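**Q** One structure is given below, represented as structure tokens, and several questions about it will come after.
The values are calculated or read from the model by the stated rules, or taken from the named source; none is laboratory data. Note that the coordinates shown come from a computational prediction; the quantities given were computed from them, not determined experimentally. Note that we place each Cβ from the backbone using ideal geometry, even for glycine, and neighbour counts take in every protein chain shown.
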Amino acid sequence: MHYAGVGSRAVATVIDSIVMFAAFFAIAAATGQTTEEGFELTGVPFFLATGVYFLYYIALEALSGATLGKRIVGLRVVREDGGGIGWRESVIRNLLRFVDGLFLYLVGAVLVWMSAKRQRLGDRIAETVVVRGRKASAGETSAQG
């Protein structure tokens with residue numbers, strides 16, 4: 001397996017952040033929370049945006065092994081044994097995204113740099129890795145978990 005480093009993961013994160021910004025703006029526009037400066041999500045729209053955020057990362061990775069950003073960059077998330085991840089692994093690694101994302105993802109970057117398998121905290125606990133290369137075949141993909 002060819003483990004993904006900080007650079008390609010950062011590019012994927014930027015792409016995913018653009019997707020999330022567009023989704024959040026759409027929620028703000030639909031709920032009347034746009035301003036002259038942009039938008040502000042409060043109350044129910046904030047919780048809706050939070051749900052969309054988690055659904056985006058968790059569902060896409062559990063079902064296909066990659067978010068849009070990872071897919072564009074040519075990355076995918078797999079179990080340490082190379083098999084596809086399921087819901088359990090996706091939930092664990094993405095709930096820990098908040099810790100890895102501290103200080104503009106510096107925490108995650110340092111952990112990736114210090115890991116032989118290039119794992120951030122969420123990957124270590126979920127026992128997953130981010131790899132370069134082809135998509136997991138149907139036989140490798142797992143919806144268990």
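Yes/no matrix, rows are residues, columns are (1) within 18 Å of V6 (Cβ to Cβ); (2) under 11 Å from the mean Cα position of the chain (by Cα):
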position	(1), (2)
E89	no, no
R97	yes, yes
F103	yes, no
L106	yes, no
V110	yes, no
A116	yes, no
L121	yes, no
I125	no, no
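**Q** Quick check: anything in segment 76-87 more than 14 Å from M1 (Cα to Cα) and either basic (K, R) or at pLDDT below 95 (or both)?
**A** No, every residue in segment 76-87 fails to be more than 14 Å from M1 (Cα to Cα) and either basic (K, R) or at pLDDT below 95 (or both).
**Q** Taking the criterion of being within 21 Å of L106 (Cβ to Cβ), among the small types (G, A, S) and touching a strand residue (DSSP E or B) at 6+ places or on another chain (Cβ under 7 Å), would at least one residue in segment 22-31 satisfy it?
**A** Scanning segment 22-31 turns up no residue that is within 21 Å of L106 (Cβ to Cβ), among the small types (G, A, S) and touching a strand residue (DSSP E or B) at 6+ places or on another chain (Cβ under 7 Å).
**Q** Let me ask something else about it. From A66, A62, A10, grab the single residue that is assigned to a loop (DSSP other than H, G, I, E, B) and within 14 Å of the chain's Cα centre (by Cα).
**A** A66
**Q** Right, something else. Considering only residues that are farther than 18 Å from Q119 by Cα and either without any contact (Cβ under 8 Å) to a residue 40 or more places away in the chain or surrounded by 22 or more Cβ atoms within 10 Å (Cβ to Cβ) (or both), which ones fall in segment 53-66?
**A** Across segment 53-66, the qualifying residues are Y53, L55, A59, L60.
**Q** Another question about this same structure. For A12, state whether it is among the aliphatic types (A, V, I, L, M) and in contact (Cβ under 8 Å) with a residue 60 or more places away in the chain.
**A** Judged against the criteria, A12 is a match.
**Q** Next question. Among what's in segment 15-26 and is of a type in the set (A, V, I, L, M, F, W, C) and touching a helix residue (DSSP H, G or I) at 6+ places or on another chain (Cβ under 7 Å), pick the residue that is nearest to R71 (Cα to Cα).
**A** So, considering only residues that are of a type in the set (A, V, I, L, M, F, W, C) and touching a helix residue (DSSP H, G or I) at 6+ places or on another chain (Cβ under 7 Å), the one nearest to R71 (Cα to Cα) is I15.
**Q** Given the structure, is A28 touching a Leu at 6+ places or on another chain (Cβ under 7 Å), without any contact (Cβ under 8 Å) to a residue 40 or more places away in the chain, surrounded by 19 or more Cβ atoms within 10 Å (Cβ to Cβ) and of a type outside the set (V, I, T)?
**A** Yes: the conditions hold for A28.
**Q** Quickly run through segment 106-128 and pick out the residues that are part of a helix (DSSP H, G or I) and either β-branched (V, I, T) or at pLDDT below 95 (or both).
**A** Residues satisfying the conditions are V107, V110, V112, I125.
**Q** Consider segment 1-45. How many of its residues are under 30 Å from V78 (Cβ atoms) and at pLDDT 95 or above?
**A** Result for segment 1-45: 23.
Results for (1) out of contact with any Pro (no Cβ under 6 Å at 6 or more places or on another chain); (2) under 27 Å from D123 (Cα atoms); (3) crowded, with 17+ Cβ neighbours inside 10 Å; (4) of a type in the set (V, I, T), shown as yes or no for each residue.
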| position | (1), (2), (3), (4) |
| --- | --- |
| H2 | yes, yes, no, no |
| G5 | yes, yes, no, no |
| A12 | yes, yes, yes, no |
| Q33 | no, no, yes, no |
| E37 | yes, no, no, no |
| G51 | yes, yes, no, no |
| L68 | yes, yes, no, no |
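**Q** Also, I was wondering about something else. In segment 19-40, which residues are assigned to a loop (DSSP other than H, G, I, E, B) and in contact with a Phe, Trp or Tyr (Cβ under 6 Å, 6 or more places away or on another chain)?
**A** Q33
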